[in-house]
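Here is the structure we will look at, set down as structure tokens.
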Number of protein chains: 2
Amino acid sequence: MDKLGHEFYPEGTLSQPLPRDPILEAQRNWERHGWQDVAEPMAAITALMRTQQILLQRAETVLKPFGLTFARYEMLALLSFARDGELAMNRASALLQVHATSVTNAVDRLEGAGLVARTKHPTDKRTTLIALTRQGRELAAAATVELNAQVFADSGFSDRDISTLIRIFSKFRREAGDFSADEPAPK
Amino acid sequence: MDKLGHEFYPEGTLSQPLPRDPILEAQRNWERHGWQDVAEPMAAITALMRTQQILLQRAETVLKPFGLTFARYEMLALLSFARDGELAMNRASALLQVHATSVTNAVDRLEGAGLVARTKHPTDKRTTLIALTRQGRELAAAATVELNAQVFADSGFSDRDISTLIRIFSKFRREAGDFSADEPAPK
DNA sequence: TCCAAACCCTTGGATATCCAAGTATATTTG
DNA sequence: CAAATATACTTGGATATCCAAGGGTTTGGA
């Protein structure tokens, strides 16, 4: 579609690079309109959202050949680390930080693909357990290898920036109520 | 719904804080499985995605009383800074970094709400211009006041961290091909 | 004990995003 | 100048997310 673009900028079907950073322009606009005090937070949050979009698209591109989306991959990865490869759906919802309906949706599709199986909880009839099938475990392992190699190994962030991001987001998420434990002091 | 939760952790219908950080646990799992070299990038990217989700939900909560979503708000804000309050749809697509179909979708709804109007481009018949209505301009201004006060003014990041995030994401996005200009050297 | 409240999962509805493909218009090229 | 290519927007299809509401199960207080 694009004359250039795909070879150089493989993130989606968007056009060539813009001559200016649109988020920096938005920041300047905020400052000009008298909102100096929030111009930088606005820019940081907007840039975060755009960065998330780019990274998500990279992951989806890698996972597509496996027939997986990032949401489904996250579910498989979570299960692959669970004791007995089994997890209650409400537990998955809490750990993945998504709505229960999103878990239902993902499990429906994964089950349809033969990658997970639903089981009844032995004592609590309300609860449904999810377990990886052998096929699901193998696919998760293969997909992880590719994600590691194609997305995480060359993330676009320096090692130093990665440590910084982990620190900043960890603090943010704790204050937002995601979790309550204290982090182990960095060595 | 939750016994506790909403007053203290207003981000969605998720349950109480977890005792442990699930992303840190994932990082430990990666390390245990021999992927030490990508465990930190994985954790940083996963945390970024979760942080984006939290911030997006905060923005949506603030915008809901205005009948706006974040995507529609971004379109209104962009138009409010455009020369003559008018912008070609393909330009909006480039500046907002979303697919043309997403712009069509947003403009359909904004037009239905009387907030923007489509106009024909004077010379290029392929192109459609979008313009704010008076109502749209007023709503954008009011929504911005609330977003500034309720999301950006107390973002959950320190001033220092905000500067750091802007720097890291700016570099990342430039290298990802979002834009090509050099940043003005920080004063 | 027993009934209201809480919890677990699912269904249905709304929105946003992307991709593929189609229509119309402009530009480029032979 | 005409044909091929590129661009602009829309439509249709797929997926993910959330919320609201409903049915079944468990828990806890009167």
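Going through the range B:76-90 one residue at a time, which ones are touching a Ser or Thr at 6+ places or on another chain (Cβ under 9 Å), part of a helix (DSSP H, G or I) and open to solvent by 40 Å² or more (accessible area, probe 1.4 Å)?
B:Asn90
Considering only residues of the range A:116-138 that are open to solvent by 40 Å² or more (accessible area, probe 1.4 Å) and within 21 Å of the chain's Cα centre (by Cα), which is nearest to DNA strand C (Cβ to nearest atom)?
Going through the qualifying residues, I end up with A:Arg137.
Being without any contact (Cβ under 8 Å) to a residue 24 or more places away in the chain, under 21 Å from B:Ile54 (Cβ atoms), in the same structural domain as A:Ala140 (by TED's automatic domain parsing) and in contact with a strand residue (DSSP E or B) (Cβ under 9 Å, 6 or more places away or on another chain): is that true of A:Ala94 here?
yes
Assuming B:Asp84 fulfils every condition listed in (1) on the phi < 0 side of the Ramachandran plot; (2) acidic (Asp, Glu); (3) more than 23 Å from the chain's Cα centre (by Cα) apart from one, which condition is it?
Unmet condition: (1).
Looking at (1) farther than 30 Å from B:Glu25 by Cα; (2) assigned to a helix (DSSP H, G or I), which is the one condition that is false for B:Met42?
(1)
If I filter the range A:126-145 for residues that are farther than 30 Å from A:Glu86 by Cβ and out of contact with any Gly (no Cβ under 9 Å at 6 or more places or on another chain), do I get at least one hit?
The answer is no, given that none of the residues of the range A:126-145 is farther than 30 Å from A:Glu86 by Cβ and out of contact with any Gly (no Cβ under 9 Å at 6 or more places or on another chain).
Does A:Leu139 count as among the hydrophobic types (A, V, I, L, M, F, W, C) and more than 14 Å from chain B (Cβ to nearest Cβ)?
For A:Leu139, the condition - among the hydrophobic types (A, V, I, L, M, F, W, C) and more than 14 Å from chain B (Cβ to nearest Cβ) - is met.
Which ones in the range B:25-40 are open to solvent by less than 70 Å² (accessible area, probe 1.4 Å) and more than 7 Å from every other protein chain (Cβ to nearest Cβ)?
Matches in the range B:25-40: B:Ala26, B:Gln27, B:Trp30, B:Glu31, B:Gly34, B:Ala39.
If you check every pair at least six apart or on different chains, which have Cβ atoms under 6 Å apart with a residue in the range B:74-89 that is under 16 Å from A:Thr46 (Cα atoms) and within 10 Å of chain A (Cβ to nearest Cβ) first and a residue that is more than 16 Å from DNA strand C (Cβ to nearest atom) and open to solvent by less than 20 Å² (accessible area, probe 1.4 Å) second?
none
Out of A:Arg160, A:Arg118, A:Arg126, A:Arg137, I need the residue that is part of a strand (DSSP E or B) and charged (D, E, K, R). Which one?
A:Arg118
With (1) away from DNA strand D (no atom under 15 Å from the Cβ); (2) within 30 Å of B:Glu138 (Cα to Cα) as the list, and B:Pro65 as the residue in question, which single condition is left unmet?
That leaves (1) as the condition not met.
Would you be able to say whether some residue in the range B:152-169 is closer than 29 Å to B:Asn105 by Cα and more than 7 Å from chain A (Cβ to nearest Cβ)?
No, there is no match, as no residue in the range B:152-169 is closer than 29 Å to B:Asn105 by Cα and more than 7 Å from chain A (Cβ to nearest Cβ).
For the range A:133-148, indicate whether the set of residues that are of a type in the set (Val, Ile, Thr) and within 28 Å of A:Thr51 (Cα to Cα) is non-empty.
Yes, the range A:133-148 contains a residue that is of a type in the set (Val, Ile, Thr) and within 28 Å of A:Thr51 (Cα to Cα).
State yes or no: is A:Ala106 outside any helix (DSSP H, G or I), open to solvent by less than 60 Å² (accessible area, probe 1.4 Å) and within 16 Å of DNA strand C (Cβ to nearest atom)?
no
Inspect all residues belonging to the range A:50-57 and state whether any of them is assigned to a helix (DSSP H, G or I), within 12 Å of DNA strand D (Cβ to nearest atom) and of a type in the set (A, V, I, L, M, F, W, C).
yes
The values are calculated or read from the model by the stated rules, or taken from the named source; none is laboratory data. The structure presented is a predicted model; accordingly, all values stated were derived computationally and were not measured. FYI the Cβ positions are ideal-geometry reconstructions off the backbone, even for glycines, and counts take in every protein chain you see. For the accessible areas, the whole protein counts, side chains as well, though only heavy atoms, and no ligand, DNA or RNA atoms are used. Shrake-Rupley method; radii C 1.70, N 1.55, O 1.52, S 1.80 Å.
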